[in-house]
Amino acid sequence: MSERDETSTDAPEKPRATPGARLARNMVFYTVMRLLLVVAIALLIVGLGLLVGVEVPMLVAAIIAVLIAMPLSMVLFTRMRAAINADIADLEAGRREKREDLHRRMDEA
């Protein structure tokens with residue numbers, strides 16, 4: 001055996017994340033990104049208001065920012081939503097497989 005072969009077998013494999021853990025991680029990341037988008041837009045609205053000489057209340061800026069961020073996040077975070085949808089599909093496939101296995105075992109008994 002060569003030295004290269006020996007070193008490759010010693011490296012431990014990283015455990016793969018379960019579909020539920022991946023879904024939770026992606027959902028948290030997506031939620032944080034959407035909240036940061038709302039905060040950034042709200043600060044932009046308040047900043048632009050100050051530049052023009054108008055004082056925009058933070059609550060009004062936040063409401064407007066939420067309305068702007070909703071459709072904008074659909075466009076900006078398309079990949080994240082696709083990853084979440086894939087994670088949900090993986091989770092459902094696992095559940096469906098377990099349910100079918102349970103039904104099969106119940107029918108055999």
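Computed quantities for the displayed model
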{"read-out": "Per-pair calculated FRET efficiency, R0 = 25 Å: V56 and M33 via Cβ, rounded to 0.05", "value": "0.55"}
{"read-out": "Nitroxide proxy distance, nm - points 7 Å out along Cα→Cβ at R104 and A24", "value": "2.9 nm"}
{"read-out": "Relative contact order %, the chain, counting alpha carbon pairs below 8 Å whose residues are six or more apart", "value": "33 percent"}
{"read-out": "Computed log₁₀ I(q)/I(0) - Debye formula, equal Cα scatterers, no solvent, the chain, q 0.11, 0.17 Å⁻¹", "value": "-0.64, -0.89"}
{"read-out": "Phi to ³J(HN,Hα) by Karplus 6.51 cos²θ - 1.76 cosθ + 1.60 over segment 79-94, Hz, x for Gly, Pro", "value": "5, 5, 5, 5, 5, 5, 4, 5, 5, 5, 5, 5, 5, 5, 5, x"}
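We did not get these values from a lab; they are worked out from the coordinates using the rules stated. Bear in mind the structure is a predicted one, so any value in this text is a computation, not a measurement. No Cβ is skipped: glycine too gets one built from the backbone with ideal geometry, and neighbour counts run over all protein chains shown.
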